[in-house]
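Below: one structure, written as structure tokens.
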Amino acid sequence: MIRHPHAGEEARRLAEAGTVLLTQVGSGVHGTAGEGQDDRDELGLCLEPAEFVTGLARVRTPGGREIPFEQYELHTAWARPRGLAERSGPGDLDVVVYSARKWARLALAGNPTVLLPLWVPDEEVVRVTDAGRELRENASRFASRAAGRRFLGYLRSQRAAFLGERGRRAAVRARRSGPGYDPKPAMHALRLGVQGLELLLTGRVTLPVPGPDLDALRSVRRGEWARADVEAWLADLEADLAAAAAASPLPESGDRAWVDDWLTRSHRAFWAR
């Protein structure tokens with residue numbers, strides 16, 4: 001039995017009933033997926049029934065505990081013999097649906113993955129309601145210098161994995177890989193730099209990654225770049241991103257007042273239905 005606290009049947013029903021936006025967010029939407037090498041990642045947000053927002057209602061976990069609802073998760077890898085210990089691989093599906101309130105907190109804080117549903121192409125949208133469309137139409141309200149700094153922080157985290165500095169498993173992968181580094185986190189670190197810089201300069205992120213940058217990222221993913229060249233590009237992106245975060249014309253933070261109003265209106269309309 002899956003005993004992850006966010007995988008319960010009650011959480012699933014609540015998420016499905018209230019989902020306003022669900023999209024692909026993984027390598028497929030960035031354009032950097034390897035041929036037959038990746039799982040499919042989807043991320044969304046849902047509105048909650050009134051008793052979960054204004055009252056004390058909770059959901060029951062597979063283990064029998066009652067917890068506040070914050071998100072629902074589905075990972076098809078968990079159906080294999082080792083359950084939660086199984087890592088997602090090619091062909092697996094990973095879905096996370098946040099409560100709209102939690103998603104809004106993460107999005108206003110600039111979480112790069114949580115922001116992606118605002119910008120994915122229409123063909124990557126799995127489900128959307130009028131409330132979800134309004135969010136996507138107001139994506140610019142989430143663009144901020146704070147978000148740019150979050151991209152920078154995530155870049156540095158992926159760089160540590162690329163260099164084999166973050167955990168024994170990362171170090172082993174880096175030693176065993178052909179180019180002498182782990183290509184996947186190297187590509188993700190560079191992608192975060194490219195996208196964070198675009199966000200700070202234009203107020204949006206283009207998906208998939210456009211033009212020559214995408215070709216270069218795919219080449220890094222295949223391990224075709226020398227480690228020194230990857231490190232040099234990464235250093236340039238990190239410096240440019242730090243400078244842009246300080247000089248960007250974007251506001252310091254997202255439009256919290258608009259988001260608060262959207263949450264209130266959307267929940268009231270959902271409850272009225």
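Hey, does the stretch 94-102 have a residue that's outside any helix (DSSP H, G or I), of a type in the set (Gly, Ala, Ser) and farther than 30 Å from residue 241 by Cβ?
Taking the stretch 94-102 and keeping what is outside any helix (DSSP H, G or I), we get 94-99.
If we keep only those that are of a type in the set (Gly, Ala, Ser) as well, we get 99.
The next check asks that each one be farther than 30 Å from residue 241 by Cβ; those that pass are 99.
The answer is yes, given that some residue of the stretch 94-102 is outside any helix (DSSP H, G or I), of a type in the set (Gly, Ala, Ser) and farther than 30 Å from residue 241 by Cβ.
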Determine whether the stretch 226-238 contains at least one residue that is more than 12 Å from residue 159 (Cβ to Cβ) and touching a helix residue (DSSP H, G or I) at 6+ places or on another chain (Cβ under 8 Å).
no
Any residue at all in the stretch 202-224 that's over 16 Å from residue 187 (Cβ atoms), over 20 Å from the mean Cα position of the chain (by Cα) and either touching a residue at least 12 places away in the same chain (Cβ under 8 Å) or surrounded by 14 or more Cβ atoms within 10 Å (Cβ to Cβ) (or both)?
no
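Determine which member of the set 139, 100, 143 is surrounded by fewer than 18 Cβ atoms within 10 Å (Cβ to Cβ) and closer than 24 Å to residue 261 by Cα.
Values: 100 fails: surrounded by fewer than 18 Cβ atoms within 10 Å (Cβ to Cβ); 143 fails: surrounded by fewer than 18 Cβ atoms within 10 Å (Cβ to Cβ).
The conditions single out 139.
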For residue 116, indicate whether it is crowded, with 16+ Cβ neighbours inside 10 Å, outside any loop (DSSP other than H, G, I, E, B) and of a type in the set (A, V, I, L, M).
yes
With the checklist (1) closer than 28 Å to residue 210 by Cα; (2) in contact with a strand residue (DSSP E or B) (Cβ under 8 Å, 6 or more places away or on another chain); (3) hydrophobic (A, V, I, L, M, F, W, C) in hand, flag the one item residue 59 doesn't pass.
(1)
Restricting to the stretch 15-31, give me the number of residues that are crowded, with 19+ Cβ neighbours inside 10 Å and modelled with pLDDT of 95 or more.
11
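Can you find even one residue in the stretch 251-273 that is hydrophobic (A, V, I, L, M, F, W, C), part of a loop (DSSP other than H, G, I, E, B) and under 24 Å from residue 19 (Cβ atoms)? Step through it out loud before you land on a result.
Just the residues of the stretch 251-273 that are hydrophobic (A, V, I, L, M, F, W, C), to begin with: 257-259, 262-263, 269-272.
Those left that are additionally part of a loop (DSSP other than H, G, I, E, B): none.
Among the residues of the stretch 251-273, not one is hydrophobic (A, V, I, L, M, F, W, C), part of a loop (DSSP other than H, G, I, E, B) and under 24 Å from residue 19 (Cβ atoms), which makes the answer no.
What helices (runs of 4 or more DSSP H), lying completely within the stretch 1-86, carry at least 1 residues that are closer than 27 Å to residue 271 by Cα and not β-branched (Val, Ile, Thr)? Write out each step before concluding.
Working: elements: 9-18, 27-30, 50-53.
Once the helices (runs of 4 or more DSSP H) in the stretch 1-86 are filtered for at least 1 residues that are closer than 27 Å to residue 271 by Cα and not β-branched (Val, Ile, Thr), what remains is 9-18, 50-53.
Quick one: is residue 73 among the charged types (D, E, K, R), surrounded by 18 or more Cβ atoms within 10 Å (Cβ to Cβ) and either assigned by TED's automatic domain parsing to the domain that holds residue 27 or closer than 25 Å to residue 115 by Cβ (or both)?
Working: among the charged types (D, E, K, R): yes; surrounded by 18 or more Cβ atoms within 10 Å (Cβ to Cβ): yes; either assigned by TED's automatic domain parsing to the domain that holds residue 27 or closer than 25 Å to residue 115 by Cβ (or both): yes.
Answer is yes for this residue.
For a quick check of your reading: which helices (runs of 4 or more DSSP H) sit entirely within the stretch 174-249 and have at least 2 residues that are in contact with a Ser or Thr (Cβ under 9 Å, 6 or more places away or on another chain)? Steps first, please.
Working: elements: 183-202, 211-221, 227-247.
Passing ranges, in order: 183-202, 211-221.
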Output yes when any residue across the stretch 178-190 is surrounded by fewer than 20 Cβ atoms within 10 Å (Cβ to Cβ), farther than 30 Å from residue 100 by Cα, out of contact with any Pro (no Cβ under 8 Å at 6 or more places or on another chain) and at pLDDT 95 or above, and no when none is.
no
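Somewhere in the stretch 127-143, is a residue charged (D, E, K, R), in a helix (DSSP H, G or I) and closer than 11 Å to residue 23 by Cβ?
First, the residues of the stretch 127-143 that are charged (D, E, K, R): 127, 130, 133-134, 136-137, 141.
Imposing the further condition that a residue be in a helix (DSSP H, G or I) reduces the set to 130, 133-134, 136-137, 141.
Pick out the ones that are also closer than 11 Å to residue 23 by Cβ and you get 136.
Within the stretch 127-143, one or more residues are charged (D, E, K, R), in a helix (DSSP H, G or I) and closer than 11 Å to residue 23 by Cβ.
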Go through the stretch 81-97 and give me each residue that's closer than 14 Å to residue 26 by Cβ and surrounded by 15 or more Cβ atoms within 10 Å (Cβ to Cβ).
88, 92, 94, 95, 96
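Within the stretch 260-268, is there a residue that is modelled with pLDDT of 95 or more, within 30 Å of residue 47 (Cα to Cα) and in contact with a Lys or Arg (Cβ under 8 Å, 6 or more places away or on another chain)? It would help to see each step written out before you state the result.
Going residue by residue through the stretch 260-268, those that are modelled with pLDDT of 95 or more are 260-268.
Filter once more, so that each one left must be within 30 Å of residue 47 (Cα to Cα): 260-268.
Narrowing further to those that are in contact with a Lys or Arg (Cβ under 8 Å, 6 or more places away or on another chain): 263.
For the stretch 260-268, residues modelled with pLDDT of 95 or more, within 30 Å of residue 47 (Cα to Cα) and in contact with a Lys or Arg (Cβ under 8 Å, 6 or more places away or on another chain): present.
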Of the numbered conditions (1) crowded, with 17+ Cβ neighbours inside 10 Å; (2) modelled with pLDDT under 95; (3) within 15 Å of the chain's Cα centre (by Cα), residue 161 fails exactly one; give the number of that condition.
(3)
Just give me the residues in the stretch 119-136 being surrounded by 19 or more Cβ atoms within 10 Å (Cβ to Cβ) and under 15 Å from residue 259 (Cα atoms), in sequence order.
131, 132, 135
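The values are calculated or read from the model by the stated rules, or taken from the named source; none is laboratory data. Note that the coordinates shown come from a computational prediction; the quantities given were computed from them, not determined experimentally. Neighbour counts run over all protein chains shown; Cβ positions are idealised from the backbone, glycine included.
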